[in-house]
Every structure is written in structure tokens, then in C-alpha cells.
């Protein structure tokens, strides 16, 4: 029985010494810093919502010829965002205006001459 307890004490000391050296290996250590690229990848599911959304409009309607911005572009005040096709507008400007009745002699058939 004495031999068995001596063996158990020896195994206990061996286990305690092994744990103590394992904890010492996990201690703090120092190293010099260095520069490099940091890459971070995020994987997520869901819908991305904008933090700020602005609706824009135009005083004219027409066909869009060119879009000068893309999603998430930073824009400045006065920047041209969209170019519209102005050919129809130019045609309306160059065409003669609506015909207005020309002043002239009154017709007796219109009914505004009473008995003359």
C-alpha cells in the first residue's frame, strides 16, 4: 500500500510540474513592431440601408443621355449629375408658336353684331 501511495504522489508531482511549465510557456513575450497590410473580411447576411438618402428631380422631363455619377460617389454643389436629351426641347423652341387669331373685320355670322 505504501508503494502505491508513493507512485500516486510521484504521478501527482509529475502532473503538477507539467501544468506549471505549460502555464509558463503561455506567458507574456515582447517583439518588435513592423508595418504591413491589414486585411479584414466581413461576411454577413441581410440588407444594407443607406445612412442618408436624397431624392433629386428635374424641372424638365426627357430621355437621359448620360449619367455622370455612380452609387456612393461623393458629389459637389453644382455638379452635373445627369444629361438629358434636349433635341425635342430645341424643336419646340425653334417651331413657330401657336397661331393666334389675327385682328380683322368682324364677321356677321359670329353673332356679335346685333342687327347691323
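The values are calculated or read from the model by the stated rules, or taken from the named source; none is laboratory data. Predicted, not measured: the structure shown is a model, and the values here were computed from it. Note that we place each Cβ from the backbone using ideal geometry, even for glycine, and neighbour counts take in every protein chain shown.
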### Task
Sort through 38, 28 and tell me the only one that's farther than 24 Å from residue 73 by Cβ, in a loop (DSSP other than H, G, I, E, B) and at pLDDT below 85.
28
### Message
Being out of contact with any strand residue (DSSP E or B) (no Cβ under 8 Å at 6 or more places or on another chain) and modelled with pLDDT of 90 or more is the requirement here; does residue 90 meet it?
### Response
no
### Query
Out of (1) loosely packed, with under 10 Cβ neighbours inside 10 Å; (2) at pLDDT below 85, what's the single condition that is false for residue 76?
(2)
